[in-house]
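The values are calculated or read from the model by the stated rules, or taken from the named source; none is laboratory data. Source: prediction; values computed, not measured. Here the Cβ positions follow ideal geometry from the backbone for every residue, glycine too, while neighbour counts run over all protein chains shown.
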Amino acid sequence: MDLSPDQTIFWEYGFITINLTLVTTWGVMLVLIVSSWLVTRKLRTDIQISRWQCFLEMIVTGINTQIEEVGLSKPERYIGFIGTLFLFIFVSNIGIILPGYSPPTGSLSTTAALALSVFLAVPFFGISESGFGGYLKSYLQPTWIMLPFNIIGEVSRTLALAVRLFGNIMSGGMIVAILLSISPFIFPIIMNMLGLLTGTVQAYIFSILATVYIAAAVRNSKEKTKSKVITT
Amino acid sequence: MDINWFTVVAQLINFLILVWLLKRFLYKPILDAVNKREKKIMDQLKDAADKKTIAEQEKEEFKKKNEEFDQQKKGLMDTVVAEAATEKNQLIETAKAEAKGLIFKMEEAAKAAQANENKELAQNTQKQVFEITRKALSAIASLSLEEQSADTFIKHLKASKEEEKQQFIDAFKSHPDSILVKSAFELPTKQQDEITEAVNALLHTETKLQFKTAPGIISGIELSTNGYKVAWSFSEYLSALEENISGETREKAKPNVKEDSDVSN
């Protein structure tokens, strides 16, 4: 039994390997981009719109609202990153209803890549909001003694993000595989349904945690800038 | 459970590409459409609010104008009612005056008609009375009465005043042959001779008179020449009486009408 789709390799040349994770990821990307293009090529701005446009608008405005509720006042700036995180993980996870499908989020490489992107996005947005110095000073809060703990916290939460998603999705797939060998009829279906729920929840958790981390970085930087302005 | 670092990097790149593509094909168009729609709805709401405000203002203006119009209408109505009342009173007064004038005229006309009628009636009565008298006298007229009349005429001729006699002489002298004697009945020769003698005595001439009968005289003698006439007859008496009575009636009618007009005024 393969624990990760990384182990299914289609083509390999030196360190370059085209495995199932990458192929499935491309498939998911293709689905997302093509469906988006199909719907958004004929967008209407009047009151009556198509059902698909309405569906996509609900998703996009829903993500926007969630980002705003977490504390980011300009959600349009972050929806590209956070929305893509959610949609990619969500579509990857609900793909398990397809027979023979192995979600790319069940690969630690994928979740590590996503966690790494969050790890990089947090300072990126923090710095873009309040500058490099302002962002770095947030690691010295409340005192400089907290600097190592803040760095450890940054790394550990990135690690936690990656492992949490990987563990949930991988375990779901593994349970289904084990149950298939024991009782092949009813239980795998129930576990698959549970897997859909878990996948949706994990997509939500991953993206909302990423939003919270970014919001914390942006807010810290803003507060720092504000207090600086007040003292001067 | 191993991490394939190539896959990690590839997935990282894949993810970034996906972020860019979804921004390009999903978020931006959708958010633009939503924003445009919201803007359109906001514009429509603003437009509706503006129109509502304008409508409210127009409503208020219309209400104000309506109230002003009502007040003007009421004022005009009051004026018109007052004018109509004044006009009505004036018309009534004029009509009363006209009616009074008409009544006065009608009364005057009625009185005049009554006076005319009375006058006509009096004249007719006179005529009737004289006609009856004339008929009665004609009925009782006879030759003996004619003889009496001739005698009376002769006496009357002889008893006439000097001035009258002179007038008679002057008139008869110029045309002594054209003296005409009219009587209702043919006079007997004796009477004719007596009349001829009396005339000749008066004129101191020998004149032959012409005798004619004229029933209109009723009874009596009439002697005429050259526009001058000497007569004694019932007809003459009746004509004189008729003349006197008519003159008296006219005199009486005049003061009565004057009195009536004084009363009506």
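Would you mind stating whether residue B:165 is farther than 14 Å from residue B:232 by Cβ and modelled with pLDDT of 80 or more? No: the conditions fail for residue B:165.
Taking (1) farther than 25 Å from residue A:158 by Cβ; (2) facing chain B (nearest Cβ under 7 Å) in turn, residue A:109 satisfies each apart from (1). Scanning region A:15-26 for residues that are at the interface with chain B (Cβ under 7 Å from one of its Cβ atoms) and not in a helix (DSSP H, G or I) turns up A:15, A:16, A:17, A:19.
Just one of B:238, B:203 is closer than 18 Å to residue B:139 by Cα and touching a Phe, Trp or Tyr at 6+ places or on another chain (Cβ under 8 Å); which is it?
On the way: B:203 fails: closer than 18 Å to residue B:139 by Cα.
Just one listed residue meets the conditions, B:238.
Of the residues screened, residue B:19 is one that is surrounded by 20 or more Cβ atoms within 10 Å (Cβ to Cβ) and either in a helix (DSSP H, G or I) or modelled with pLDDT under 90 (or both).
Here is a check on your reading of the model: is residue A:34 surrounded by fewer than 12 Cβ atoms within 10 Å (Cβ to Cβ) and within 25 Å of residue A:104 (Cα to Cα)? Spell out how you get there, then give the answer.
On the way: surrounded by fewer than 12 Cβ atoms within 10 Å (Cβ to Cβ): yes; within 25 Å of residue A:104 (Cα to Cα): yes.
Yes.
Only one residue in A:99, A:103 is touching a helix residue (DSSP H, G or I) at 6+ places or on another chain (Cβ under 8 Å) and at negative phi, so which one is that? Before the answer, list the steps.
On the way: A:99 fails: touching a helix residue (DSSP H, G or I) at 6+ places or on another chain (Cβ under 8 Å).
Just one listed residue meets the conditions, A:103.
The numbered conditions (1) in contact with a Lys or Arg (Cβ under 9 Å, 6 or more places away or on another chain); (2) over 16 Å from residue B:155 (Cβ atoms) are all true for residue B:215 except (1).
Residues that are more than 11 Å from chain B (Cβ to nearest Cβ) and either closer than 18 Å to residue B:22 by Cα or polar (S, T, N, Q) (or both) within region A:58-73 comprise A:62, A:65, A:66, A:67, A:73, listed in sequence order.
Going through B:133, B:196, B:125 one at a time, which residue ends up being assigned to a helix (DSSP H, G or I) and closer than 16 Å to residue B:235 by Cα?
Working: B:196 fails: closer than 16 Å to residue B:235 by Cα; B:125 fails: closer than 16 Å to residue B:235 by Cα.
The conditions single out B:133.
Number of residues in region A:27-50 that are more than 7 Å from every other protein chain (Cβ to nearest Cβ) and within 19 Å of the chain's Cα centre (by Cα): the value is 4. Could we say that residue B:54 is at the interface with chain A (Cβ under 9 Å from one of its Cβ atoms), surrounded by fewer than 14 Cβ atoms within 10 Å (Cβ to Cβ) and part of a helix (DSSP H, G or I) here? Spelling it out, it is not the case that residue B:54 is at the interface with chain A (Cβ under 9 Å from one of its Cβ atoms), surrounded by fewer than 14 Cβ atoms within 10 Å (Cβ to Cβ) and part of a helix (DSSP H, G or I). Taken together, the criteria exclude residue B:155 from residues that are modelled with pLDDT under 85, exposed (fewer than 11 other Cβ atoms within 10 Å of the Cβ) and either in contact with a helix residue (DSSP H, G or I) (Cβ under 6 Å, 6 or more places away or on another chain) or of a type outside the set (Phe, Trp, Tyr) (or both).
Given the criterion touching a strand residue (DSSP E or B) at 6+ places or on another chain (Cβ under 6 Å), surrounded by fewer than 18 Cβ atoms within 10 Å (Cβ to Cβ) and more than 9 Å from chain B (Cβ to nearest Cβ), identify the matching residue among A:10, A:55. Give the steps one after another, and end with the answer.
Details: A:55 fails: touching a strand residue (DSSP E or B) at 6+ places or on another chain (Cβ under 6 Å).
Answer to the selection: A:10.
When residue A:96 is tested against (1) over 16 Å from the mean Cα position of the chain (by Cα); (2) free of Cβ contacts under 8 Å to residues at least 40 places away in the same chain, exactly one condition is not met: (2).
Taken together, the residues in region B:1-42 that are within 24 Å of residue A:56 (Cα to Cα), more than 7 Å from chain A (Cβ to nearest Cβ) and not β-branched (Val, Ile, Thr) amount to 9.
Consider region A:76-106 and keep the residues that are surrounded by fewer than 21 Cβ atoms within 10 Å (Cβ to Cβ) and farther than 20 Å from residue A:26 by Cβ. The one that is farthest from the other protein chains (Cβ to nearest Cβ) is A:77.
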